[in-house]
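**Q** Can you keep this structure in mind? I'll have questions shortly.
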Amino acid sequence: MKRHIVLLALCACFLLNGCQEKNTNVDLDITEDFYISYINELYTNPNSYLGKTVHLEGLCATYYDEEEKVTYYFVYRNGPGCCNNDAMAGLEFTFTAGKAPQANDWISVTGTLKGYMYQNNLTLTVSTTSVEFPETRGKETVTQ
């Protein structure tokens, strides 16, 4: 009985995910459904995704490193948390030309997933080929 329930749940996931519009120019399209799950998968199995083209939408966050004199950009969505400590799931991305995204802008990022070592940890980043500003915002807070 448990196998049937698991099988039905998996089929439902595939059917629901298959209904969203796909960007055919990318290997992994991370927009609404399973956003947190996809981000976790990238961090859990980075070698399976490094060099792949990814597309994701979300809020923009920036961080200026005074020491390095560099601005870091992140695309993320809010996730569930506890104890007034909501989670953020997303990726760093490079930005080199055009209109710079600002904190809380809704952005669409496409590029190649790369990694670099920072303080003995692999950090994932999207080397962008495109940063766009869609008029329609998606879900800022996701649960899966």
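The numbers here are math on the coordinates, done by the rules we state, and not lab data. Keep in mind it's a predicted model, so treat the numbers as computed, not measured. Ideal geometry is used to build each Cβ from the backbone, glycine not excepted, and the neighbour counts take in all protein chains shown.
**Q** For a quick check of your reading of the filter: which GluC sites (Glu not before Pro) in the range 97-144 sit in a DSSP loop and have no more than 16 other Cβ atoms within 10 Å?
**A** Glu135, Glu140
**Q** Sticking with this structure for a sec: Which of rounded, prolate, oblate describes the range 17-144, given a ≥ b ≥ c as roots of the alpha-carbon gyration tensor eigenvalues and a/c under 1.5 marking rounded, otherwise prolate only if a/b is larger than b/c?
**A** rounded
**Q** Okay, moving on. Please report the net charge: other residues with Cβ closer than 12 Å to the Cβ of Phe74, K and R +1, D and E -1.
**A** -1
**Q** Which of rounded, prolate, oblate describes the range 104-144, given a ≥ b ≥ c as roots of the alpha-carbon gyration tensor eigenvalues and a/c under 1.5 marking rounded, otherwise prolate only if a/b is larger than b/c?
**A** Oblate shape, in that a/c is at least 1.5 and b/c is the bigger or equal ratio.
**Q** Let me ask something else about it. Taking neighbour counts of Cβ atoms within 10 Å as a proxy for exposure, in what order, fewest first, do Leu28, Leu56, Leu113, Leu122 appear?
**A** Leu122, Leu28, Leu113, Leu56
**Q** Tell me, Ile30, Ile107 in order of fewest to most beta-carbon neighbours within 10 Å?
**A** In order of increasing Cβ crowding within 10 Å: Ile107, Ile30.
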